1. So if we plug the beta-carbon distance of residue 139 and residue 75 into 1/(1 + (r/R0)^6) with R0 = 30 Å, what FRET efficiency do we get, rounded to 0.05?
2. Check cross-link reach from residue 156 to the aspartates and glutamates: straight Cα distance under 17 Å, and skip same-chain residues fewer than eight apart.
3. For the chain, with a Gaussian network of springs between Cα atoms less than 10 Å apart, report the residue from 154, 85, 106 with the top mean-square fluctuation.
4. Add -39500 (n - 2.57) for each DSSP H run of 4 or more in the chain, then divide by its residues: what number comes out at 222 nm, to the nearest 500 deg cm²/dmol?
5. Find the centroid of the Cα atoms in the stretch 142-178 and in the stretch 83-120, then give the distance between the two in whole Å.
6. For the chain, what does the relative contact order come out to in percent, with C-alpha contacts under 8 Å and a separation of six or more?
7. Rounded, prolate or oblate: which one fits the stretch 75-132, using the alpha carbon gyration tensor with axes a ≥ b ≥ c (rounded when a/c is under 1.5, else prolate when a/b beats b/c, else oblate)?
8. Would you mind getting the accessible area per residue of the stretch 1-152, heavy atoms of the protein chains only, 1.4 Å probe, in Å²?
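The values are calculated or read from the model by the stated rules, or taken from the named source; none is laboratory data. This is a predicted model, so every value here is computed, not measured. Virtual Cβ from ideal backbone geometry, glycine too; neighbours counted across all protein chains shown. SASA here: full protein model, heavy atoms, side chains in, ligands and nucleic acids out. Shrake-Rupley method; radii C 1.70, N 1.55, O 1.52, S 1.80 Å.
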Amino acid sequence: QTKFAGVCSMPPSVAPVVYKFNFSLVMQHFLKVLPLIIIFVYMDVFDTLGCLLGLAGQAKMITPDGRLPRAKRAFASDAIGTIAGSMFGNSTVTAYLESGTGIEAGGRTGLTAVVTGICFILALFFSPLVSTAAGFPPITAPALVIVGVIMMTGVKSVDWDDLSEALPAFLVIVGIPFTGSIADGMMLGFIVYPVMKLLCGKAKEVDVVSYIIAILMLLYLLLVK
């Protein structure tokens, strides 16, 4: 049970975790940790890809031909956040689906993220009060349900009459909650998409890169996962 522990407090010291690198140990066991490095890179890239496409679609920033404008800048900022966060001993600093609430409220620019960041900084000094609310499921669970409802609005963009489009989309939708991972759920769709296009006689609609990615992901599932 969550107990009330006050309102304000100083943020805990980051000294025990900040800049605590041990590259010498990594190099000594490089072959052992290499698969872990590849997995973490893969998870971060595809988690970011899934979140960005979902959020950009909700914000109506996807072009009619399915492209995300200035995607390179978005991925670069995410990569910088990931690296900076790890240097400070934090979990991965990346795009989150919860940002859909900000988009639903009208946010479309980076100013929304700046204001949210400032609020998070202020929340550090009210961690006892925040922890009291955050540790109470009846408060946090409904918020996540609302986020899920908001994100489901993008489903209407799927061509459900085309099985080669509908089946991969369906596998992504059900794969994410069943696997507990955005990356793994997307992986199912990425593998099945080119296969379905091939079986439906629409192989030319998929570029070579998509086939290569599907093969690599299948090998990942069989040999690593």
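1. Efficiency computed from Cβ-Cβ geometry: 0.35.
2. 65, 104, 165
3. 106
4. -21000 deg cm²/dmol
5. The stretch 142-178 and the stretch 83-120 have Cα centres separated by 23 Å.
6. After rounding, I find 23 percent.
7. Values: a/c = 1.96, a/b = 1.02, b/c = 1.92.
Oblate is the answer for the stretch 75-132, as a/c is 1.5 or above yet b/c matches or exceeds a/b.
8. 72 Å²
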